[in-house]
Every structure is written in C-alpha cells, then in structure tokens.
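This report concerns only the one structure given below.
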Amino acid sequence: MRFVGCSLAWRPSDAKDGTSCLVVLDERGSIIANSFAASVGEIAGAVGGYAADRRGVIMGVDAPLAVPNERGTRKIERLLSKLALPAYSANRNMFGGEPPGEALLAALRGIGVEYTDYPLRRQRRQSIVVEVDSAAALKVLSLERGQGGSDSDPEQRLRGMEDPKLRKGNKEGRAAAIKGAVDILWNTPGLRLRTGNLAADLSASENVDVSRVEVASTLSHADLDRVCSLVEGTLAAYTVLRHWKGRDGSAVVGIGDAGSVLLPAGESLHARIAEECRASGIPYV
C-alpha cells in the first residue's frame, strides 16, 4: 500500500504559481518520495506512478473536495470552528463556480482513484481519496505532544493554542511556525521523516528531505511556501495512514457531497467531536 498526501494549490491566492505537492508514505510510515506538480493532470500522473504495481493507494487531499454551498461556509467548517480546530472557508462563488478539488477528483477518477468519505481500515487493493485538513491535523498532533496546557478537556486545550500560521504573516513568523511544525512531525510516533533517498535540496523537483532544510527568515516567501507544501503533504499522508492502521484514533466528520473531513483524533477528542456532531446533526464515524 501507498499513502499519498497532497497539498493542493486550491486557494485563489495560489493562482500565480499553482504548484501542488505530493508526499508518499509506505506502510511503516516512512517517507519514500515527494514531488511537485503544476496541474491536476500532473498530480494524477504522479499518483498513478506511485501506485503502480502496489496493493492499492489511499490519498488525502489538503483542500475542499466537496463544496455544495454557493456562498458562506460549509457545515463541516462551522463544526470544526466550534471545536477550536482550523477549518477551510470555501464556497463555489470564491472559485467562480468550479472548485479546484472537483477538477482533481475528475482527474483521479480517470486513473481509478475514487472519492470516498470513509476509507476502510486494513483493506488493501483499494484506490481512494479523502479530504483532510492539514492545519487541523497539525493542531491535534500538537495537542498530543503535550501542548495546550494541563486541562484534561481536549477542547479547552485546543482553545488555549494558536492555530498554525504556516502561510500567513511575515517571513520571521512563518519560518518559526514552519520549524515548529517540522519538529512536531519529527516527534510524531509512526512517522519517519528521514530516509536515505531524500536530500536537502529545496530547489529539487522531487525527493526533498524537509527535516534537513534550513528554514529561516532569509528564505523567500516562495521558498517558505515550498517547505509549507511539503509539511502539509506530510500531514495529509500521515492522516490517512493513521486511519488505515486503526491506531491512535481518527474521526471522519461529515458525509459525501456535503463535505467530509478525516482527522486524527484520540479517544477523548473523538468523544467531543461526536458530541458536537450529534448536536449539529452532522454524520460522523
């Protein structure tokens, strides 16, 4: 099995560059490859190559994949915000009626990868794609690494933490936030950032070792965006791997065309998510 995380260039502000990033994990949680792509066609081609001759692929895309609302926000976004988790703000109007996630799903269907709102655990020989939220995943991992104070209530601890600001602010603030995110990834059990086939050349088109890149305010915003995409892709790949393995906890919030997000979530956080989903009438697993 291969687990692919995609940091999709989906925001209107991404239009100038439009470069997306793919990160690939094996079943042991080791990063075995990553690459950059300039179009949904290139993404689908790369995913097809990574999945070739393997026993299936599960892909997590860090972007809105189902956007039914013309304006405002999706129900899933409002629910995550209530839980102090970062959420996309997406509607069809902001994309001129055609969200980039839909174009990606169409390209992925062309290579046999189907959208789902519930990836089955431990089942090989499946080719599916789900929506994830890397900022929310990073905040959950920070919670699990002991951040957010000593309160036993995970929601209150999440409220005591700032949302990740990897793509906002000046270069000094962004560099510090990205370095903090890399440190969280480095210390996440079941994830191995450093493997022999990756190198610290940020300008390379593939196989960049994000743990060895010197992240500093001297980097340009474009280079910081590149590192940020590697971090987001890694978070997306880890989220689907964690769910497939069935360890440490995860939650599927929402359903199908209405918007569905897969999140890492331990037992206590999952219970709080379930409580809010029931109150809001939103399906969950």
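If you filter segment 1-25 down to residues that are modelled with pLDDT of 95 or more and over 26 Å from Val67 (Cβ atoms), you find that the one that is farthest from the chain's Cα centre (by Cα) is Arg2.
Scanning segment 184-216 for residues being among the small types (Gly, Ala, Ser), surrounded by 13 or more Cβ atoms within 10 Å (Cβ to Cβ) and without any contact (Cβ under 8 Å) to a residue 60 or more places away in the chain gives a total of 4. Taking residues in segment 71-83 that are among the hydroxyl-bearing types (Ser, Thr, Tyr), and partners anywhere that are part of a loop (DSSP other than H, G, I, E, B) and modelled with pLDDT under 95, the pairs with Cβ atoms closer than 7 Å and at least 6 places apart or on different chains are Thr73/Ser89; Thr73/Asn91; Ser81/Ala87.
Of all positions in segment 86-99, none carries a residue that is surrounded by 17 or more Cβ atoms within 10 Å (Cβ to Cβ), touching a Pro at 6+ places or on another chain (Cβ under 8 Å), outside any loop (DSSP other than H, G, I, E, B) and among the aliphatic types (A, V, I, L, M). The residues of segment 246-285 that are part of a helix (DSSP H, G or I) and of a type in the set (Lys, Arg), listed by number, are Arg272, Arg278.
Note on segment 171-183: residues that are surrounded by fewer than 14 Cβ atoms within 10 Å (Cβ to Cβ) and in contact (Cβ under 8 Å) with a residue 40 or more places away in the chain amount to 1. Of the residues making up segment 72-121, those that are of a type in the set (A, V, I, L, M, F, W, C) and over 29 Å from Gln156 (Cα atoms) number 11.
Apart from one condition, Glu232 fits all of (1) outside any strand (DSSP E or B); (2) farther than 20 Å from Val4 by Cβ; (3) touching a residue at least 60 places away in the same chain (Cβ under 8 Å); the exception is (2).
The values are calculated or read from the model by the stated rules, or taken from the named source; none is laboratory data. Fair warning: this is a prediction, and the values are worked out from it, not measured in the lab. Because the Cβ atoms are built from the backbone with ideal geometry, glycine has one as well, and the counts that use them run over all protein chains shown.
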